[in-house]
Amino acid sequence: MLKDAFRLVIVTGMSGSGKAQVRSTLEDLGYFCVDNLPPVFIPNFIELCQKPHCKTKKVALIIDLRSGEFFDDFAGILQDMSDNEQPYELLFMDANDSVIINRYKENRRKHPLAPEARISEGITLERELLANVRNKATYIIDTSSLRKNELKEKIIRYFGDENRVRMNITVVSFGFKYGMPLDADMVFDVRFLPNPFYIEKLRYKSGAVKEVADYISKWPVTQEFIDKMDNLINFLIPQYIQEGKGQFVLAVGCTGGMHRSVFIAAHLYALLKKHGFVVNLEHRDLMKNKVKEHC
């Protein structure tokens, strides 16, 4: 019997029903995913996961008719697992025939069970071969009318950790003269804020230094901007999480990436941390400047 801390999810179902997206979402949730595993190897894989040295706690196996003749034993292996009280959760992915046909046409792919025939013939045969497996499903998800973010939310609800914050946020400061971060989802340009560079005693101190932070923050324009920015962030982040976004890069840029962007990025980091989000702070271009005092 599997140890209590181990969670095994087996994903199967109709070709074109969304199993690839399920795999990606499960990977984001921390599952070790194995795609197209021949069913005959499932008992051996479980045994491997029961070894004392194995640290893998969450596993997802994607198994379908791509296994060819090896798929024939799948229903029997599932029954053996149930008989031996080996816990698993079986997710069966489905969609109606017309939706699957349209998806194949959009991707210009052939159905694996009917490479030389009509897609509808392959779908009919696949439903017949999967009937016994479908009857054993713990969950059945029909993606006929589901949007991608709705499917992702279902997978998170079924297989995610309820206490887990589902979006990782990176706040990065940068200098425009070194180029914008290519992976930024949102960019704040703070070059309009008063620039400490023109104050001799602050020129070579970063925005993380209290003296520099005090200078930037003392201006009314800075306070007004921070208030508006905080309200925007407090509104947007929960919306992105609701939409199912897994990662979010929030970039803040000034001219050189040393003073104003560092100060605002640090403020955003503290704000998001206060609200319990998983957040990282990076100062991409800070040390490309002549920094004599950072913090």
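The values are calculated or read from the model by the stated rules, or taken from the named source; none is laboratory data. Everything numeric in this text was worked out from a predicted model, so none of it was measured. Don't worry about glycine lacking a Cβ; one is built from the backbone with ideal geometry, like all the others, and counts go over all protein chains shown. For the accessible areas, the whole protein counts, side chains as well, though only heavy atoms, and no ligand, DNA or RNA atoms are used. Shrake-Rupley method; radii C 1.70, N 1.55, O 1.52, S 1.80 Å.
Quick one: if you stick a label point 7 Å off each Cα along the C-beta vector at E243 and D80, how many nm between them?
4.7 nm
Give the relative contact order (percent, whole number) for the chain; include only Cα pairs under 8 Å separated by 6+ residues.
After rounding, I find 20 percent.
Between F159, F32, F197, which gets the highest mean-square fluctuation from a Gaussian network model of the chain, Cα cutoff 10 Å?
The residue with the greatest mean-square fluctuation here is F197.
Tell me which trypsin sites (Lys or Arg not before Pro) from the stretch 266-295 have a DSSP coil assignment and no more than 13 other beta carbons within 10 Å of their own.
K290, K292
Need the full-extension length gain, N135 to K228, defined as separation in residues times 0.36 nm minus the C-alpha distance. One decimal, nm. Walk me through the numbers on the way to the answer.
Numbers: separation 93, 0.36 × 93 = 33.48 nm, distance 5.38 nm.
Extra length from N135 to K228 when fully extended: 28.1 nm.
Using a 1.4 angstrom probe on heavy atoms only, work out the carbon and sulfur share of the accessible area of the chain in %. Show your work: numbers first, answer last.
Working: 7950 of 15790 Å².
Ligands and nucleic acids excluded, carbon and sulfur give 50 percent.
Express in whole angstrom the spacing between the alpha-carbon centres of the stretch 17-63 and the stretch 92-121.
Rounded to whole Å, the Cα centres lie 25 Å apart.
Hey, which of these cross-link pairs are over 23 Å Cα-Cα: K105/K136; K51/K152; K19/K110; K58/K154; K205/K274?
K105/K136; K51/K152; K205/K274
Under the 0.36 nm per residue contour assumption, what length would be gained going from the current alpha-carbon distance of D214 and K55 to full extension?
Between D214 and K55, full extension yields 52.5 nm more.
Taking 0.36 nm per intervening residue step and subtracting the Cα-Cα distance, what contour gain separates S24 from K110 on full extension?
Numbers: separation 86, 0.36 × 86 = 30.96 nm, distance 2.26 nm.
Result: 28.7 nm gained on full extension.
Once you compute Rg and the Kirkwood Rh from C-alpha atoms, what is the Rg to Rh ratio for the stretch 179-266? If you can, show how the numbers build up before the last one.
On the way: Rg = 14.3 Å, Rh = 14.0 Å.
In the stretch 179-266, Rg relative to Rh is 1.02.
Please give the helix 260-274 orientation as an angle from the longest Cα principal axis of the chain, in degrees from 0 to 90, rounded to the nearest 10.
Approximately 50 degrees, to the nearest ten.
Project the alpha carbons of the stretch 156-211 onto their principal axes and report the range along each, largest first, in whole Å.
Principal-axis extents of the Cα atoms in the stretch 156-211, largest first: 58, 26, 16 Å.
From largest to smallest, what semi-axes in whole angstrom does the chain give when each is the square root of 5 times an eigenvalue of its alpha carbon gyration tensor?
Values: eigenvalues 530, 94, 50 Å².
Semi-axes, largest first: 51, 22, 16 Å.
Can you give the convex hull volume per residue for the Cα atoms of the stretch 96-173, as a whole number of Å³?
143 Å³
What does DSSP give for the chain in terms of the percent of beta bridges that are antiparallel, rounded to the nearest 5? Please report the intermediate quantities before stating the final value.
Values: 1 of 38 bridges.
Restricted to the chain, the bridges split so that about 5 percent are antiparallel.
Work out Dmax and Rg for the stretch 12-151 from the C-alpha atoms and quote the Rg first, both in angstrom.
15.6, 49
I'd like the distance between the alpha-carbon centres of the stretch 125-142 and the stretch 209-270, rounded to an integer number of Å.
Result: 49 Å between the Cα centres.
Using all Cα-Cα distances in the stretch 19-66, what percent lands in each 5 angstrom bin from 0 up to the longest?
Each 5 Å bin holds this share of Cα pairs: 5, 21, 27, 23, 18, 5, 1.
State, to one decimal in nm, how far the label point of K288 lies from the label point of F45, with both points 7 Å from Cα in the Cβ direction.
Once both label points are built, they end up 4.4 nm from each other.
Percent of Cα-Cα pairs more than 22 Å apart in the stretch 81-213, please.
It works out to 66 percent of all Cα pairs.
With a cut-off of at most 16 other beta carbons within 10 Å, and DSSP calling the residue loop, which trypsin sites (Lys or Arg not before Pro) in the stretch 2-56 qualify? Please list them. Don't jump to the answer; show the numbers that get you there.
Numbers: sites: K3, R7, K19, R23, K55; in loops: K3, K55.
Taking the stretch 2-56 and a limit of 16 other Cβ atoms within 10 Å, the loop trypsin sites (Lys or Arg not before Pro) found are K3, K55.
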